[in-house]
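Undergrad: Below is the structure I would like to discuss, written out as structure tokens.
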Amino acid sequence: MKKLTVAIIGGGNRAQVYGDIMRKIPDKYQIVAVAEPIDNRREFLMHRHKIAPEMCFRTWEELLEKGKVADLCMITTMDRLRIGPAMKAIELGYHLMLEKPIASTLEECKMITHAAEKKGVKVIICTVLRYTGLFVKLKEIIDSGRIGKVMSINHEEGVGDVHQTHSYVRGNWGNSAKSADMLVQKSCHDIDIIQWLIEKKCKSVQSYGMLSYFKRDNAPVGSPDYCIDGCPVGEECPYNAVKLYLPDDSYWMRSTCAKVFEVTDADVEKAIRETQYGKCVFKCDNDVVDHQTVNMLFEDDITVTFTMNAFNKGGRHMHIMGTKGEIRIATLGDEVIHLYDFVKKQHEDIPFNDLGCITGAHGGGDDGIVQAIYEELNGVYKGKSVPTIRESYYNHVITFAIEEARKKGIMIDFEEYYKKVEEN
Ligand SMILES: NC(=O)c1ccc[n+]([C@@H]2O[C@H](COP(=O)([O-])OP(=O)(O)OC[C@H]3O[C@@H](n4cnc5c(N)ncnc54)[C@H](O)[C@@H]3O)[C@@H](O)[C@H]2O)c1
């Protein structure tokens, strides 16, 4: 099989993670170009992957001006910086490994989808849950008919209180104008996995959701703007930036806040003094929801509820109810799929290949997608996880419809909605 060459656009956290996975399988991947404006990040990736200095660029425009220099273009820029590089890379004939969401607006998602279909290139969205041992096994069980016809799914995404404050209050995704609405940018994973598991068309959606806790009204009396300036409730506050970022507990959180891969205490201290990562979680510029519920109806009368919520330790839980049995899973701290068979009246614990948890290492999903893309682009992929861009787009359109239903307080007929989106 052919070794794939890769050009990275957006050399941040995700590029570092995927890049390191590719680096471990040099017979399959070679990173040959990078575009990243932050000097320390670009230089880190240049040395890490032995990229020729003349193939290291500050912006995506400079890299793509060189034409098609690799088989695959990995686009891991922020949500709002997806459309430009994606459209240009498609025009040049690149296959894309494109981070989720496809883009931050419905119009842009549609443009990318249509352009990719017209050009005939593969655009593979990084909905990494599809590639985890847990969800691959779950799909296999559902497809085998073991629990009969699926009637209902209750699915919960516990974002986790600390993760919520790090990413969706202080971080890149707190403000919808800088990223997108919560379901589009975060829970597009969940809507995608639900639709993938049942493979049915969506018929209608409705939703409630709001930002209730992480806002100014709840700031403790006397709290300074920055935690490091001494907060009267700093000792008991779970989100005190000094306690969250300065101890060397989470490389991911420290390197994200400082925007430095080889991060030091001095980098972190500077970040929590000068950036929003050090701000009181009740005084940031966030506006995305901290809890949201969704009701969905799919073909064949399948009802689905989905809840995204900040107020928990984190992890996903799913309960799938079929005519012959039910399944329960948890992504954090559980190592088996729990099945109850109505006919045998028996419980069964079914192991899956990957014992990792979904949060953090994405339960093997990051490794899984890298391997799957290699096989897909070499024409030998046999799994069910790699979606076409049309499938990913369809599931993104559902999330946009959900957000519209939430904001307008209405139920949306999804068949009509999708038809209109495609006609416009
Ligand atoms: N699949 C998943 O589970 C998953 C998990 C986390 C994040 N994400 C998605 O990945 C994307 C990136 O997230 P991240 O945490 O890596 O963000 P990041 O901020 O660490 O990385 C983005 C990088 O793009 C760079 N950039 C900015 N302007 C650029 C330009 N003009 N040309 C080239 N590069 C430019 C930034 O300097 C930054 O280093 C987001 O859209 C996010 O939603 C997906």
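Undergrad: Could you check how many residues of the range 132-184 are more than 14 Å from the chain's Cα centre (by Cα) and within 23 Å of residue 206 (Cβ to Cβ)?
TA: Counting residues in the range 132-184 that are more than 14 Å from the chain's Cα centre (by Cα) and within 23 Å of residue 206 (Cβ to Cβ) gives 8.
Undergrad: Being among the hydrophobic types (A, V, I, L, M, F, W, C) and modelled with pLDDT of 95 or more is the filter here, so list the residues in the range 354-397 that pass it.
TA: 369, 370, 372, 373, 377, 380, 386, 389, 397
Undergrad: Give the range 32-41 a look and list any residue that's near the ligand (Cβ under 10 Å from one of its atoms) and either in a strand (DSSP E or B) or buried (at least 19 other Cβ atoms within 10 Å of the Cβ) (or both), or say none.
TA: Across the range 32-41, the qualifying residues are 34, 35, 36, 41.
Undergrad: Looking at 152, 187, 167, which one is hydroxyl-bearing (Ser, Thr, Tyr) and within 22 Å of residue 421 (Cα to Cα)?
TA: Answer to the selection: 187.
Undergrad: On the given criteria, is residue 254 part of a helix (DSSP H, G or I), of a type outside the set (A, V, I, L, M, F, W, C), outside the structural domain of residue 166 (by TED's automatic domain parsing) and more than 16 Å from the ligand (Cβ to nearest atom)?
TA: no
Undergrad: For the list (1) more than 14 Å from the ligand (Cβ to nearest atom); (2) part of a loop (DSSP other than H, G, I, E, B), I need the number of the one condition that residue 47 fails.
TA: That leaves (2) as the condition not met.
Undergrad: In the range 162-184, which residues are surrounded by fewer than 23 Cβ atoms within 10 Å (Cβ to Cβ) and assigned to a helix (DSSP H, G or I)?
TA: Matches in the range 162-184: 162, 163, 167.
Undergrad: Right, another one. Can you give me the number of residues within the range 60-79 that are within 8 Å of the ligand (Cβ to nearest atom), in contact with a Lys or Arg (Cβ under 6 Å, 6 or more places away or on another chain) and under 12 Å from residue 92 (Cα atoms)?
TA: Residues in the range 60-79 being within 8 Å of the ligand (Cβ to nearest atom), in contact with a Lys or Arg (Cβ under 6 Å, 6 or more places away or on another chain) and under 12 Å from residue 92 (Cα atoms): 0 in total.
Undergrad: Still on this structure, I have one more. Against the definition (polar (S, T, N, Q), over 22 Å from residue 103 (Cα atoms), in contact with a strand residue (DSSP E or B) (Cβ under 7 Å, 6 or more places away or on another chain) and touching a residue at least 24 places away in the same chain (Cβ under 8 Å)), how does residue 152 come out, yes or no?
TA: So residue 152 fits the description; yes.
The values are calculated or read from the model by the stated rules, or taken from the named source; none is laboratory data. In this text, all values refer to a predicted model and were calculated from it rather than measured experimentally. All Cβ positions, even for glycine, are placed from backbone atoms using ideal geometry, and neighbour counts span all protein chains on display.
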